[in-house]
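Reading through the structure tokens given below for one structure.
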Amino acid sequence: MTEANTILPQNLQDLIANLSFVQAVPLGTQQGIPFVAVKVADNNSKLLEDNAVTCEFKPSIFNVDYKGQTIALCIVQFRINGSDRHIYTASYDLHNDKQYSDCHDLLAMTQYGLLVATNDVHTFLQFDTNFAGTFNPQQMIKEARASASDYDPLLFSEVSYGLTMQADTPAHLWEYLETIAPALHRWYARMQLQSEKVE
């Protein structure tokens with residue numbers, strides 16, 4: 001069941017209006033459930049009305065050495081209905097207390113919610129997470145955060161952009177991140193990025 005976006009608070013209406021079709025934006029935790037907003041094309045509104053939406057998500061946790069600093073981040077991708085055409089990406093700066101908290105709640109791997117919207121309508125959906133790993137994802141981001149230096153948030157933005165631009169589509173990014181930070185390695189990788197020299 002969908003409702004008109006006009007009933008949402010103005011800040012959410014503005015967010016939806018400016019969301020791309022590949023972004024996922026954390027909305028914080030409500031009643032113990034972390035929520036994320038994604039936007040789908042208007043021609044997908046019937047999926048929302050029919051409540052025909054499934055979702056999976058995959059985190060990739062990094063310490064990146066860049067410009068003499070160590071950045072800690074977690075990139076989380078959400079895939080709707082198993083479709084490579086509906087993959088959304090969120091990047092969490094683990095050195096930022098609020099973003100770390102949002103990511104920590106999500107990586108409890110119990111439940112999460114999505115605000116799925118088109119330009120005109122939206123619905124709130126809730127999903128259970130079926131995680132059967134042999135490691136604790138929350139511990140992984142805790143360790144990544146502990147390994148970080150006290151860097152400027154702009155460095156996080158540069159590193160996040162650099163990592164997500166390693167692939168030309170969200171589907172290719174899904175594959176790339178799976179290769180460098182697979183579940184076998186507890187979704188974690190440490191790497192070094194070179195800054196481009198300006199001549």
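The values are calculated or read from the model by the stated rules, or taken from the named source; none is laboratory data. Everything numeric here is computed off the predicted structure, so don't read it as measured data. FYI the Cβ positions are ideal-geometry reconstructions off the backbone, even for glycines, and counts take in every protein chain you see. The protein model used for the area step is the full one, side chains on, heavy atoms only, and it has no ligands, DNA or RNA in it. Shrake-Rupley method; radii C 1.70, N 1.55, O 1.52, S 1.80 Å.
Values computed for the structure shown
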| read-out | value |
| --- | --- |
| Test result for THR70, in contact with a strand residue (DSSP E or B) (Cβ under 8 Å, 6 or more places away or on another chain) and modelled with pLDDT under 95 | no |
| Identity of the residue in region 149-167, closer than 20 Å to LEU177 by Cα and in a loop (DSSP other than H, G, I, E, B), that ends up least open to solvent (accessible area, probe 1.4 Å) | ALA167 |
| Condition check for GLU175: closer than 27 Å to ILE33 by Cβ, modelled with pLDDT of 95 or more, open to solvent by 40 Å² or more (accessible area, probe 1.4 Å) and among the acidic types (Asp, Glu) | no |
| Members of region 131-171 found to be out of contact with any strand residue (DSSP E or B) (no Cβ under 9 Å at 6 or more places or on another chain) and under 10 Å from ALA72 (Cα atoms), listed by number | LYS142 |
| Tally of residues being out of contact with any Phe, Trp or Tyr (no Cβ under 8 Å at 6 or more places or on another chain), basic (Lys, Arg) and in contact (Cβ under 8 Å) with a residue 24 or more places away in the chain across region 40-84 | 1 |
| In region 121-159, residue nearest to LEU15 (Cα to Cα) [restricted to those that are among the aliphatic types (A, V, I, L, M) and either without any contact (Cβ under 8 Å) to a residue 12 or more places away in the chain or in contact with a Ser or Thr (Cβ under 6 Å, 6 or more places away or on another chain) (or both)] | VAL121 |
| Residue in region 93-109 that is among the aromatic types (Phe, Trp, Tyr), in contact (Cβ under 8 Å) with a residue 12 or more places away in the chain, in a loop (DSSP other than H, G, I, E, B) and in contact with a Lys or Arg (Cβ under 8 Å, 6 or more places away or on another chain) present | no |
| Residue in region 114-125 that is in a helix (DSSP H, G or I), open to solvent by 10 Å² or more (accessible area, probe 1.4 Å) and touching a strand residue (DSSP E or B) at 6+ places or on another chain (Cβ under 9 Å) present | no |
| Where VAL53 falls short, out of the listed (1) open to solvent by less than 50 Å² (accessible area, probe 1.4 Å); (2) at pLDDT 90 or above; (3) among the hydrophobic types (A, V, I, L, M, F, W, C) | (2) |
| Verdict on PRO137 being surrounded by 14 or more Cβ atoms within 10 Å (Cβ to Cβ) and closer than 28 Å to GLN30 by Cα | yes |
| Residues of region 65-75 that turn out to be surrounded by fewer than 24 Cβ atoms within 10 Å (Cβ to Cβ), part of a strand (DSSP E or B) and either of a type outside the set (Ser, Thr, Tyr) or touching an Asp or Glu at 6+ places or on another chain (Cβ under 9 Å) (or both), as a count | 4 |
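Results for (1) open to solvent by 10 Å² or more (accessible area, probe 1.4 Å); (2) outside any strand (DSSP E or B), shown as yes or no for each residue.
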| site | (1), (2) |
| --- | --- |
| LEU48 | no, yes |
| PHE57 | yes, no |
| GLN77 | no, no |
| THR89 | yes, no |
